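The values are calculated or read from the model by the stated rules, or taken from the named source; none is laboratory data. Keep in mind it's a predicted model, so treat the numbers as computed, not measured. Please note: Cβ atoms are built from the backbone with ideal geometry, for glycine as well, and neighbour counts cover all protein chains shown. Side chains included, ligands, DNA and RNA excluded: accessible areas come from the protein's heavy atoms. Shrake-Rupley method; radii C 1.70, N 1.55, O 1.52, S 1.80 Å.
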Amino acid sequence: MKKVYKDAELPVFEIVCSEDANDPTGIRLLSIVADPAIEMKALMFSEDDIKDYAFKIDSEKQLLVGPMMIANKKILRKDDDGNKYFVVFKPETIELMVNKFMMGDNNHSINVDHSNTMVQAYIQQLWIVEDPYMDKAKKLGFTLPVGSAMVQVKILDKAFWNSEVKENGKFGFSIEGLMGEQPIKMSSVVTDKDMYDLLIDELLNDDEIRKYFDNKIKNK
């Protein structure tokens with residue numbers, strides 16, 4: 001029988017970024033998406049839940065706050081040939097990438113769904129989690145490992161806020177840029193359906209299993 005690989009058996013690759021300020025590796029854009037690869041969405045604040053947080057935010061400010069990168073979290077991806085693998089961001093790499101991104105004056109570099117459509121928005125805050133229990137991220141309802149990056153984005157376009165954020169649920173964050181030597185968009189993930197389809201393909205192409213079900217059908 002063919003071997004069906006479990007998640008734990010998939011290869012894991014570490015995302016790398018050069019410390020050289022002139023090297024193009026790093027984050028180029030922050031993208032607002034409905035299904036972020038890190039599988040955690042930002043918080044969309046409303047007037048009803050302002051009182052639950054440590055700092056004052058109201059719905060008129062159109063703010064999104066959430067994880068940008070989670071340290072050491074395995075993110076499932078697949079290449080152009082359909083091969084599955086994991087990538088991870090180490091804490092030191094996240095810090096380096098955040099520093100390069102901010103030094104490049106990229107706080108307005110925000111698009112939607114990794115498209116060419118730029119969002120009228122800017123990054124108000126971007127910070128690294130230093131304590132999983134005392135960090136502001138925890139007060140906002142996120143439990144994140146040390147070294148993760150949090151971001152707070154101010155949406156200036158009210159039409160975008162109403163149609164894309166409120167109606168279409170686009171309030172997650174995903175990064176885009178050059179990771180190592182290859183361009184990579186971190187929003188591309190393998191879904192449960194992908195894993196299901198992989199399993200079905202493996203089973204249907206296995207000769208022993210096919211013969212078993214062929215015999216079962218003939219003997220009916």
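Each of 102, 69 has its accessible area taken with a 1.4 Å probe; listed largest first, they run 102, 69. Rounded to the nearest whole Hz, the Karplus-based 3J(HN,Hα) values (6.51 cos²θ - 1.76 cosθ + 1.60, θ = phi - 60°) of the stretch 89-103 follow the sequence 10, 6, x, 5, 6, 4, 4, 4, 5, 5, 4, 5, 4, 6, 5, with x at glycine and proline. Once you place label points 7 Å from the Cα toward the Cβ at residue 80 and residue 19, how far apart are they in nm? The modelled label-to-label distance comes out at 3.3 nm. Counting charges near residue 96 (Lys, Arg +1; Asp, Glu -1) among other residues having Cβ under 12 Å from its Cβ returns a value of -3.
Between residue 139 and residue 127, the modelled label-to-label distance comes to 0.7 nm, taking each label 7 Å out from Cα in the direction of the beta carbon.
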